[in-house]
Amino acid sequence: MNPLRAAIVRGARHVHAGGTVARGARPGDGYVFDRLRGYAEGDDPRRIDWSATARIGALQTRVYLEETVLVLGALVDESPSMNVGRKRALSAAADEAVRAWFGAAESTDRAARVVDERLVAGRRATVEVKAAGPFDLWRSLELAIRVLPQGSSFLLISDGLDVSAEAKFADILLRIGRRFDATVLLARDPWIDGLPLRGFVRIRDAESGRSKRVFIGPRARERYRRASGERDAAIRERFRAARWRIGSLDEADGAASLEQVFGLR
């Protein structure tokens, strides 16, 4: 089994505090061997692996995953702010992550990506499609709720700048957290640790494209560093409150970022 797919299945079956089960995997008809582990009291004796037990010198139990049909859904932030980065655009890492996400799908799995105001299906199409119009996070999340089946494994890749403190965002993030097994890869501000700029410079707003000339001194750099960190923490808290799985999109390697959030690195 694809390691990422197995990790998605395991994550979807995780039981959260309070006893609610995260949805995302749909039971099939059989079982797939996952791994060996040490025998624990209560394990089915029929699942003891006697060959491994003899080799290791302690009782070993075979662990199985139920065969599942996954519905992998994704939404990628294609707003202008994703085109910034220190060495390359965050959007390039987002492309790598979404390719790895849909690359985890097996023959019976379903793949679907929310783009503009439509749902694009099929593993090849979901990777290659690009938005034609302006990105609207709230409307796209609303569409995902309407068109993806309950229990889908859902991935959002975004810098989170559009996730405001408005009640409508808290509501929709919570609804998705309840309906899907939801994961977000957050692209942090590339200059979250401090602006490399000094003196009089011309800066451009990544979203609007407007620019202006400003003076960047030690105080301005410190204010930016503090504000950027506070904004990042606030965005993460909004997803955490809605019980999403949260990871960071590394500008250098989007696929590794996805693997890391599922515990593969």
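About the Cα centre of the chain, how large is the charge dipole given +1 on each Lys and Arg Cβ and -1 on each Asp and Glu Cβ? Please answer in debye to the nearest 20. Spell out each step's value before the answer.
Details: 46 positive and 36 negative charges, 156 e Å.
In total the dipole reaches around 760 debye.
Taking all protein chains as present, what is the carbon and sulfur share of the accessible area of the chain, in % to the nearest whole number, probe 1.4 Å? Don't jump to the answer; show the numbers that get you there.
Numbers: 7040 of 14280 Å².
Of the solvent-accessible surface of the chain, carbon and sulfur hold 49 percent.
May I ask you to order 104-117, 35-48 by the average number of other C-beta atoms within 10 Å around their residues, highest value first?
On the way: 104-117: 18.4, 35-48: 10.4.
Sorting 104-117, 35-48 by mean packing, highest first, produces 104-117, 35-48.
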Check your understanding: Which entry is the computed P(r) over Cα pairs in 10 Å bins from 0, in percent for this structure: (i) 6, 20, 24, 21, 15, 9, 4, 1; (ii) 6, 24, 26, 19, 14, 8, 2, 1, 0; (iii) 6, 26, 31, 19, 11, 5, 2, 0?
Key -> (iii)
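Could you work out the helix-only [θ] at 222 nm for the chain, with each DSSP H run of four or more residues adding -39,500 (n - 2.57) and the total divided by the number of residues, to the nearest 500 deg cm²/dmol?
Working: 8 runs with 93 residues, N = 265.
Helix contribution divided over all residues of the chain: -11000 deg cm²/dmol.
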Revision key, fill the gap. Taking a straight Cα-to-Cα line shorter than 23 Å from residue 130, and setting aside same-chain lysines fewer than 8 residues away, one finds 87
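Select from segment 157-209 those trypsin sites (Lys or Arg not before Pro) which occupy a DSSP coil region and have at most 15 other Cβ atoms within 10 Å, ordered by residue number. Walk me through the intermediate numbers first.
Working: sites: 168, 175, 178, 179, 188, 198, 202, 204; in loops: 188, 198.
Sites meeting the loop and neighbour criteria: 198.
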Point to revise | J(HN,Hα) series, segment 102-108, from Karplus relation 6.51 cos²θ - 1.76 cosθ + 1.60, nearest Hz, glycine and proline x | key: 6, x, 6, 5, 9, 4, 8
Practice item. Please calculate how many Å² of accessible area segment 72-159 carries per residue, with a 1.4 Å probe and no DNA, RNA or ligand atoms counted. Key: 42 Å²
Review point. Among bridges DSSP assigns within the chain, what percent are antiparallel (round to 5)?
Key: 50 percent
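Please compute the per residue accessible area over segment 163-265 with all protein chains in place, 1.4 Å probe, rounded to a whole number of Å².
On the way: 6080 Å² over 103 residues.
With the other protein chains kept in place, segment 163-265 gives 59 Å² per residue.
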Check your understanding: Using the alpha-carbon centroid of each, what span in Å lies between segment 72-138 and segment 156-208?
Key -> 16 Å
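The values are calculated or read from the model by the stated rules, or taken from the named source; none is laboratory data. What you are looking at is a predicted structure, and each value in this text was computed from that prediction instead of being measured. Methodologically, a virtual Cβ is constructed for each residue, glycine included, from the backbone with ideal geometry; neighbour enumeration extends over all protein chains shown. Just the protein is used for accessible areas: all its heavy atoms, side chains included, with ligands, DNA and RNA removed. Shrake-Rupley method; radii C 1.70, N 1.55, O 1.52, S 1.80 Å.
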